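**Q** One structure is given below, represented as structure tokens, and several questions about it will come after.
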Amino acid sequence: MPSGISRMNVLLLGPQGSGKGTQAAKIAEAYGIPHVSTGDMFRAAVAAGTELGRRVEPILASGQLVPDEITIALIRERLAQEDASEGFVLDGFPRNLAQAEALDEMLREIGRPLSIVLLLELDDEICRERMRKRAELEGRADDTPEAIERRLEIYHRDTEPVVEHYLATGRLVKVHAERTIPEVFAEIGQALEAAREREVAS
Ligand code: ADP
């Protein structure tokens, strides 16, 4: 495990089923930074039956996006917490350009730019296959065929422009995601080390 690493601000992008959640959890563990997943936060709110949970439950089930003002406020609050002060790995946010601009602004305010943006690339057909398998294993409310199609459609329409947005920063690294979990993680580890060396050098 790498030691003495702090302030790695990692963003993971990629379609549904590309393994963002799995890889984010592994990065969080290896680098001792919190895994911040908007999807997990919304699901936790639903499970806890909070006001937020009641509000977002039907939105999640249908595969639509939660309104930006709710999602952005949630992330703003989360990144302000103590445990995120030494870095974070963001998964599931930003999902559209408005969210990306809000994130850039938040990070500018606190003077903490993204260290790296990892894009997990995977073909739609493999995404569908993986989600169908996950549906059997986990029974997530949004892994129905209709919600799966809607989520992929929204990914292409709203989230791909976010990829373009971060390509322009020169911090985006593409990772081929149709491989095993350890293979993908090994490549991510190399990319994170390179990003850290660049940060130390600058
Ligand atoms: P997936 O990437 O498989 O769709 P997530 O766990 O990232 O799963 O998200 C589940 C759902 O939570 C999304 O379909 C959406 O309804 C909601 N959600 C998560 N992140 C965001 C976000 N950044 N903006 C709006 N809605 C979001």
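**Q** Report the net charge of residues surrounding E178, where surrounding means a beta-carbon distance below 15 angstrom and charges are Lys +1, Arg +1, Asp -1, Glu -1.
**A** Local charge sum for E178: -1.
**Q** Separate question: To test your reading of the geometry: what angle, between 0 and 90 degrees and rounded to tens, separates the Cα axis of helix 68-79 from the longest principal axis of the chain?
**A** So the helix axis and the longest Cα principal axis differ by about 40 degrees.
**Q** While we're on this one: Of G53, G19, G139, which has the largest mean-square fluctuation in a 10 Å C-alpha GNM of the chain?
**A** Top of the fluctuation ranking is G139.
**Q** Between R171 and T50, what is the label-point separation in nm under the 7 Å Cα-to-beta-carbon projection?
**A** 2.7 nm
**Q** Could you calculate the contour length gain from M106 to D83, that is, 0.36 nm times the residue separation minus the distance between their Cα atoms, to one decimal place in nm?
**A** Residue separation times 0.36 nm, minus the Cα-Cα distance, leaves 6.6 nm.
**Q** Still on this structure: Roughly how tilted is helix 38-48, in degrees to the nearest 10 and between 0 and 90, from the longest Cα axis of the chain?
**A** 50 degrees
**Q** Which angle from 0 to 90°, rounded to the nearest 10, does the C-alpha axis of helix 20-31 make with the longest principal axis of the chain?
**A** 30 degrees
**Q** How high is the relative contact order of the chain, given as a whole-number percent (alpha carbon pairs under 8 Å, six or more residues apart)? Can you show the working numbers first?
**A** Values: 267 pairs, mean separation 63.5, N = 202.
Taking the mean separation of contacting Cα pairs over the length of the chain, I get 31 percent.
**Q** Which whole number in µm²/s is D for the chain by Stokes-Einstein, with the Kirkwood Rh taken over Cα pairs at 37 °C and 0.692 mPa s?
**A** The estimated diffusion coefficient comes to 190 µm²/s.
**Q** Pop a pseudo-label 7 angstrom from the Cα along the beta-carbon direction at both R198 and E160 and give the gap in nm to one decimal.
**A** The modelled label-to-label distance comes out at 2.4 nm.
**Q** Oh, and also: Along the Cα-to-Cβ line of E125, 7 Å from the Cα, sits a label point; which residues in segment 145-184 have backbone N less than 18 Å from it?
**A** 149, 152-153, 177-179
Laboratory data are not the source of any read-out in this text; all were calculated from the coordinates shown. Predicted, not measured: the structure shown is a model, and the values here were computed from it. We place every Cβ from the backbone using ideal geometry, glycine too, and count neighbours over all the protein chains shown.
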